[in-house]
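Trainee: Pasting in a structure now, in structure tokens, and then I'll have a few things to ask.
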Amino acid sequence: MDTEKNDAEKVTAHVPRCLGPPGEWWWPGGWPGDIEAALVDAVFSARAVYRSKYGKGIFANVAAWRDGRGRAAWSLDELIAEIDGIGVDAWARRFGNRQHSPTRPPAAPGGPSKAAAVREAAGALRSQGISTAADIGLASTGAVQQVLASVPGIGRGTANYFLMLLGVPGVKPDRMVHRFLHRAAGHAFSDAKAEAAISAAAERLGVQPHVLDHAIWRYESSRTAVLPVP
């Protein structure tokens, strides 16, 4: 049996033992068309509680902030204007989360907060002519990933998750997914091998790869996550 097939079978067997049957998983549905919510969600959800049984977590923050924006048109121009209008710290308080990114240095523009990472990422995308979800096509996803990954505090997994939340197919093999796969198969995976293993397992389980990816991410996050700083 070739290694990739063997890995896919091990992962497929490991998934229901940890996550339960696919019918019990929860996928938030993303934010198709809303580039603001997708970016904010992707950045703030890194190493944080996404959705607790008490209705708290990053998903609740994003949903409440989104409902309170008072506009139906979503663009990075609007997000930048909103953040710059009151400042990064005040915006973070309004959003309801002032957590710092564990990988964003204090010397980065705006400091180490995730709110500052959102503002810098929005500016970086805007400098490439991207303001709305419609500006991101399949042909430019690689460029989007590269731009976002260049922002301190944002890695490839966060960049992939941003695209997933917008409805672009794919998975985000971040540290949580890699940890799950390592336990399932007994060895480390490259990002490409991780994507292939998740996709193969998802096909065997009859779900979309991004749904399995998110279920794994939530499971691993719930095992070790620390509640966000209010």
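Trainee: Pop out the ³J(HN,Hα) list for the range 111-120 in order, Karplus 6.51 cos²θ - 1.76 cosθ + 1.60 with θ = phi - 60°, rounded to Hz; leave Gly and Pro as x.
Mentor: x, x, 5, 5, 4, 5, 5, 4, 5, 5
Trainee: Additional query: Rounded, prolate or oblate: pick one for the range 42-165, where a ≥ b ≥ c are the square roots of the eigenvalues of its C-alpha gyration tensor, a/c under 1.5 means rounded, and failing that, prolate if a/b is larger than b/c, else oblate. Walk me through the numbers before you get to the answer.
Mentor: Working: a/c = 1.29, a/b = 1.20, b/c = 1.07.
Rounded is the answer for the range 42-165, as its axis ratio a/c remains below 1.5.
Trainee: Among Gly33, Gly129, Gly23, which one shows the highest mean-square fluctuation when the chain is modelled as a Gaussian network with alpha-carbon springs under 10 Å?
Mentor: Gly23
Trainee: Still on this structure, I have one more. Counting other Cβ atoms within 10 Å of each Cβ, which chymotrypsin sites (Phe, Trp or Tyr not before Pro) in the range 14-121 have at most 13 and sit in a DSSP loop? Don't jump to the answer; show the numbers that get you there.
Mentor: Values: sites: Trp25, Trp26, Phe44, Tyr50, Tyr54, Phe59, Trp65, Trp74, Trp91, Phe95; in loops: Trp25, Trp26, Tyr50, Tyr54, Trp74.
Passing both the DSSP loop test and the Cβ count: Trp26, Tyr54.
Trainee: Suppose all protein chains stay in the model; what accessible area per residue would a 1.4 Å probe give for the range 93-173, in Å²? Let's see the in-between values first.
Mentor: Details: 3360 Å² over 81 residues.
Per residue, the range 93-173 has an accessible area of 42 Å².
Trainee: Then there is this: When only Cα pairs under 8 Å and 6 or more residues apart are kept, what is the percent relative contact order across the range 116-227? Numbers along the way, then the final one.
Mentor: Numbers: 93 pairs, mean separation 20.9, N = 112.
That works out to 19 percent.
Trainee: Which FRET efficiency value, to the nearest 0.05, is calculated for Lys56 and Asn6 with the Förster distance at 30 angstrom and r the Cβ-Cβ distance? Walk me through the numbers before you get to the answer.
Mentor: Values: r = 40 Å, r/R0 = 1.33.
The calculated FRET efficiency here is 0.15.
Trainee: With axes computed from alpha carbons, what is the tilt in degrees of helix 191-205 against the longest principal axis of the chain, rounded to the nearest 10 within 0 to 90?
Mentor: For 191-205 against the chain, the angle is about 70 degrees.
Trainee: Could you state the angle between the C-alpha long axis of helix 76-86 and the longest principal axis of the C-alpha atoms of the chain, as a value from 0 to 90 degrees rounded to the nearest 10?
Mentor: Its long axis makes an angle of about 60 degrees.
Trainee: Next up: Through the Karplus equation 6.51 cos²θ - 1.76 cosθ + 1.60, θ set to phi - 60°, convert the phi angles of the range 149-157 into ³J(HN,Hα) values in whole Hz; use x for Gly and Pro.
Mentor: Residue by residue, the range 149-157 yields 5, 7, 7, x, x, 10, x, 5, x Hz.
Trainee: Mean 1/r over all different Cα pairs, inverted: what Kirkwood radius does the range 42-100 give, in Å? Please list the in-between numbers first.
Mentor: Working: mean 1/r = 0.0809 Å⁻¹.
For the range 42-100, inverting the mean 1/r across all distinct Cα pairs yields 12.4 Å.
Trainee: Now for a different question. Suppose a student asked you for the relative contact order of the range 1-156, using Cα pairs under 8 Å spaced at least 6 residues apart; what percent would you report?
Mentor: Values: 150 pairs, mean separation 33.0, N = 156.
Relative contact order of the range 1-156: 21 percent.
Trainee: Starting from one equal scatterer on each C-alpha and no solvent at all, send me the Debye-based log10 I(q)/I(0) for the chain at q = 0.16 Å⁻¹, two decimals.
Mentor: With no solvent term, the Cα-only Debye profile gives -1.12.
Trainee: Continuing with this model, one more query. Work out, step by step, the length gained on full extension between Gln128 and Trp27: first 0.36 nm times the residue separation, then minus their alpha carbon distance; give nm to one decimal. Could you put the intermediate results ahead of the total?
Mentor: On the way: separation 101, 0.36 × 101 = 36.36 nm, distance 3.03 nm.
Full extension of this stretch gives 33.3 nm more.
Trainee: Right, another one. Give me the tail of P(r) for the range 119-215 as a percent: Cα-Cα pairs with distance above 23 Å.
Mentor: Numbers: 1339 of 4656 pairs.
Counting every Cα pair in the range 119-215, those more than 23 Å apart make up 29 percent.
Trainee: Net charge within 13 Å of Ser131 by Cβ-Cβ distance, Lys/Arg positive one each and Asp/Glu negative one each, not counting Ser131 itself?
Mentor: Details: positive: Arg126; negative: Asp34, Glu36, Asp77, Glu78, Asp135.
Local net charge: -4.
Trainee: If you don't mind, there's one more thing I want to ask. In the neighborhood of Val88, defined by Cβ-to-Cβ distances under 13 Å, what is the net charge if each Lys or Arg adds +1 and each Asp or Glu adds -1?
Mentor: Numbers: positive: Arg93, Arg94, Arg98, Arg104, Lys114, Arg119; negative: Glu82, Asp84, Asp89, Glu120.
Overall, the nearby charge balance is +2.
Trainee: Could you tally the net charge around Ile35, taking each other residue with its Cβ under 15 Å from the Cβ of Ile35, Lys/Arg +1 and Asp/Glu -1? The partial results should precede the final answer.
Mentor: Values: positive: Arg66, Arg69, Arg71, Arg119, Arg126; negative: Asp34, Glu36, Asp41, Asp77, Glu78, Glu82, Asp135.
Computed value for this residue: -2.
Trainee: Here's another thing I want to ask about it. Dipole size in debye (nearest 20) for the chain around its Cα centre, Lys and Arg Cβ +1, Asp and Glu Cβ -1? Don't jump to the answer; show the numbers that get you there.
Mentor: Details: 26 positive and 22 negative charges, 169 e Å.
So the magnitude is around 820 debye.
Trainee: Extension gain Ser190-Ala107, at 0.36 nm per residue separation less the Cα-Cα distance, in nm? All intermediate terms of the calculation are to be shown ahead of the outcome.
Mentor: Values: separation 83, 0.36 × 83 = 29.88 nm, distance 3.05 nm.
Result: 26.8 nm gained on full extension.
Trainee: Still on this structure: Within the range 137-200, what whole-number % of the accessible surface is contributed by carbon and sulfur, with the 1.4 Å probe and all protein chains included in the calculation? Let's see the in-between values first.
Mentor: Numbers: 1480 of 2520 Å².
Within the range 137-200, the accessible surface is 59 percent carbon and sulfur.
The values are calculated or read from the model by the stated rules, or taken from the named source; none is laboratory data. All values reported here derive from a predicted model rather than from experimental measurement. Methodologically, a virtual Cβ is constructed for each residue, glycine included, from the backbone with ideal geometry; neighbour enumeration extends over all protein chains shown. In case anyone asks, the SASA skips ligands and DNA or RNA and just uses the protein heavy atoms, side chains included. Shrake-Rupley method; radii C 1.70, N 1.55, O 1.52, S 1.80 Å.
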